[in-house]
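Read through the structure below, which is laid out as structure tokens, and then see the notes.
The values are calculated or read from the model by the stated rules, or taken from the named source; none is laboratory data. Note that the structure is predicted; figures quoted are calculated from it, not measured. Here Cβ is always computed from backbone atoms with ideal geometry, including for glycine, and neighbour counts include all displayed protein chains. Surface areas here come from the heavy atoms of the whole protein model, side chains and all, with no ligands, DNA or RNA. Shrake-Rupley method; radii C 1.70, N 1.55, O 1.52, S 1.80 Å.
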Amino acid sequence: MTRHGFHFSKSLGQNFLCARHVPTAIAQGAGIDENTGVLEVGPGIGTLTRELCQRARRVVAVELDRRLPPVLQETLGEFDNFHLVEGDILKTNIPQLCREELGEGRKVACANLPYYITTPALTALVDSGCFAQITVMVQKEVARRICAKPGTGDYGAFSVYCQFHGKPSILLDVPAGCFIPAPKVDSAVVTLTPYEENPLGPVDEGLYFRVVRAAFAQRRKTLLNCLRHGFPQLEREDVLHCLEEAGIGAQARGETLGLEDFARLTEAVGRRLQKE
């Protein structure tokens, strides 16, 4: 990095891995083999990328910082299965990129995500529907939220979103000292394995997450009050009827509901809205 005159950008949230065991653990945990195509977000100087290239059929990395391609040409020049795309993952057509660059076969995503784009970047990867597994390094607090269970302080709308789409688990914790420069917080690697078929069955996804957002919008209030605020077209008695249909108490709060509870509540709200 010194030879290339590289300086870390605070605005890009750059913290590069320097502990050798972490990229190895990520690549192994992602289940990558010679038949796997990998999309990497934010390769940095290629520390994780090298491990991916040694295992995968093909690795395509999306990097926003235009100062890094010369560095990556040096650190990854030996790999003919690597391709760099300069751009912003949040503005990238991920399905198109996967079709054009990774072709057929199993695909996974790996990323050491800057903290400031964690939620939108992970959402973009999940919503693309392209990957058999998504493995990301995130702030440890965010990892706990992704994997949180109902009734815990970390459980929220993003927990429901991630668990609606797949099965999450924490692969390993990564102390701040594993990065250059060291961030102020620890990180963790999370794997999310998307469902081939949603275990909740057919659900109106748009309405489902409208209900979820309403339920968590005002955490200290009951579901009755939250849903009244989120669905102003429904009267109080309508909301009470929906809760009763779903088998949920009127004084319950959103953080106590599991995914199946939200599915029943969504069906009840949907039926009530159709009557309006």
Whole-Hz Karplus couplings 3J(HN,Hα) for region 205-211, θ = phi - 60° and coefficients 6.51, -1.76, 1.60, Gly and Pro as x, run 4, x, 5, 4, 7, 5, 5
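At R0 = 45 Å, how high is the FRET efficiency between His83 and Arg219 if r is their beta carbon distance? Nearest 0.05 is fine. Let's see the in-between values first.
Details: r = 44 Å, r/R0 = 0.98.
Calculated value: 0.55.
How much area per residue is accessible in region 1-140 when the probe is 1.4 Å and only protein heavy atoms are counted (Å²)?
46 Å²
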Once the in-chain neighbours fewer than 8 apart are removed, the lysines whose Cα is under 17 Å from Lys184 read Lys10, Lys140
Computed on Cα atoms, the radius of gyration and Dmax of region 73-145 in angstrom are 13.5, 39
Debye calc, one equal point scatterer per Cα of the chain, no solvent, log10 I(q)/I(0) at q = 0.07, 0.09 1/Å comes to -0.30, -0.48
Counting only residues 5 or more apart in sequence or on a different chain, those whose built amide H sits under 5 Å from that of Arg106 are Gly37
Note, region 30-46: 3J(HN,Hα) by Karplus (6.51, -1.76, 1.60, θ = phi - 60°), whole Hz, Gly/Pro = x, goes 7, x, 8, 9, 5, 9, 9, x, 10, 9, 10, 10, x, x, x, 9, x
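Suppose R0 equals 35 Å; then what is the FRET efficiency for Gln96 and Leu240 from their Cβ-Cβ distance, rounded to the nearest 0.05?
Numbers: r = 47 Å, r/R0 = 1.33.
Result of the calculation: an efficiency of 0.15.
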Contour minus Cα-Cα span, Ala176 to Leu12, at 0.36 nm per residue, comes to 57.3 nm
Rounded to two decimals, the Debye log10 I(q)/I(0) of region 49-203 (Cα scatterers, no solvent) at q = 0.10, 0.20 Å⁻¹ is -0.39, -1.46
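So, with a 1.4 angstrom probe, what is the percent of accessible area on region 185-276 that is carbon and sulfur?
Numbers: 2270 of 4940 Å².
About 46 percent, which is the carbon plus sulfur part of the accessible surface.
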Yeah, region 191-276 with a ≥ b ≥ c from its alpha-carbon gyration tensor (a/c under 1.5 is rounded, else prolate when a/b outruns b/c, oblate otherwise) is prolate
Carbon plus sulfur, as percent of the 1.4 Å-probe accessible area of region 61-152, comes to 48 percent
Under the 7 Å Cα-to-Cβ spin-label approximation, Met1 and Ala19 lie apart by a distance in nanometres of 1.7 nm
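Accessible area per residue, 1.4 Å probe, Å², for region 158-237: what's the number? Mind showing how you got there, number by number?
On the way: 4240 Å² over 80 residues.
It amounts to 53 Å² per residue over region 158-237.
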Per region 1-123, sqrt(5λ) over the Cα gyration tensor eigenvalues, sorted largest first, in Å, gives 21, 17, 14
GNM of the chain, Cα pairs under 10 angstrom: of Gly37, Gly230, Gly156, the biggest fluctuation goes to Gly230
Among region 234-264, those whose backbone N falls under 12 Å of a label point 7 Å along Cα→Cβ from Arg210 are 234
